[in-house]
Amino acid sequence: MTTALTHSHLAKPAACGLCLILMFLGSWTADSAVLALVDLPGNYVSLRLVTLLAYGLVFAALVFARGHFTTNTPLLHNPSLIRSCRFALAGGALLLAIGCVCLLGLHEITPHWLLLVFALLIKSAGPVLSITALVLFAALRPRYAVKAAVFSYALAFFGECLLRLLFEAVSADPAPVLIVGALLLCAGCFVASRTLTSLAHESDAEGAQRSSANDAPQSLPGNAAPQNSLFLQSVAQFSTSRGSVIKALVFIGATALMLGFMKSGASSGNSVSLLAAVIVLIALGAMAFCLERVDMRALFVSAVVCLSAALLLEPVIGLLGAGISRTLADTATILFEIFIWVVAVALVRASHNAPLRAASVRFATVIGHTIGTVVAVAALTLSLSFSEAVQTASFALLFVYIILLIVFSRNVPNPDQPGESNSSAERAEPPATPATAHDLTYWTAPCELLADEHALTPRETEVLIQLAQGRDLAFMENKFVLSRNTVKMHVRNVYAKLGVYSKQEVIDLVDQARARGV
């Protein structure tokens, strides 16, 4: 693998990660400044409702324009869609600037309803930027997308803690804090716009060979998504199933509800602690840089364990130290946020309408955050007359969430069957080994490693996965809905890039990659 290729593989995830860091740092900083600068009715609840309205408006706009964004080619291969995204980013940054100027200049003489309008303008950049960031992450190879998301998210939480401590140390006024948040968001919009254009140019160059063979590049299928847990496997199998998409969105919303409750006064306050941010940054940074793949199953289980311990064992843990329970809750918050983002990337990768799918995921997340905030505030209010209200609400939410998790983890679909195995040729084809029916990562992990090492295109990676399982040309022709000549062309390209001359040599290479610990 050449040095240029290595730099390219590192530069794209780094750019996407920087976009995510700037987006969340800017949003969190701006939110805290708005709350400190003006007295909104309902305080944090009002800000959450304004955020919900902002995401709802963007979601409605994308639903209205869904015909324009639905395509058989990825977003990054459509120049008009690229221009639309860049225009939306520029418009969001402009509305953000207008909202900041109005709020800073008129907040002392403006009625409450107009303050909410200014807050809505400030929140305008967030939805557009987060949707674009999801699309950018979905354009990366799965392994790089997961690592970039994990490390960048952890770094964003750590950066937010440092910024908060810095503003407290210098006793910064809300006005400069708001300006800093706005500048971070504008920088995120700029980085997203440049990265979008850069990835589009690379995708155009990569797709030239496919276009010459009349094989229009398609949105990446669900089996290209990160596959590190049974639940993530089931989430990824929704490209032809609306019910599966709804199921994944409900799970994301339920997880976000727990986070909204935890971050709004029940246990952790409105920000995570520095200790939790440092612990997660060190642990996930080591995983991202030292391991071939980040184990999403371990990440999710760790989040559930930390959350359960923080809520159920708080009386016992409190005897060991006053801050241990909060650290556990904050650690769970960070891990859940990262998991939501990774699942969201998998959802967007499998869609033919990436912007609308990204908007759906972010809207579901914000709905969950808002409901969780309302429940937390209501529990705190009830605690004035019923001292155990917060703890009771915590137990109830955790119980419901675990039941929901059990229900969603049942009946994980066979990866070889949903939506893509309708032809008689596919039904007659037995799985190559028992592992294919239960563990899709058995095939995708070593194949994606080989794809990274030999610069295979997304379609060639899919063909490699099928070759590794012993599939023939007829099977791939039906599976990918391609002509026989196009399938042969992809097979020849895979052989040439891997330096092999037969299917058995491909299988041997994949076995060697698997033996290396992928």
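Values in this text are rule-based calculations from the coordinates and carry no lab data. Everything numeric in this text was worked out from a predicted model, so none of it was measured.
Measuring from centroid to centroid over Cα atoms, what is the spacing of segment 463-483 and segment 279-342 in Å?
40 Å
Starting at the first residue of segment 100-109, write each ³J(HN,Hα) from the Karplus equation 6.51 cos²θ - 1.76 cosθ + 1.60 with θ = phi - 60°, in whole Hz, x for Gly and Pro.
Calculated HN-Hα couplings, in order: 5, 4, 5, 5, 5, x, 10, 5, 7, 10 Hz.
Structure shown: which of K479/K503; K12/K503; K12/K123 lie over 21 Å apart, alpha-carbon to alpha-carbon?
K12/K503; K12/K123
What is the distance in Å between the Cα centroid of segment 11-39 and that of segment 106-150?
8 Å
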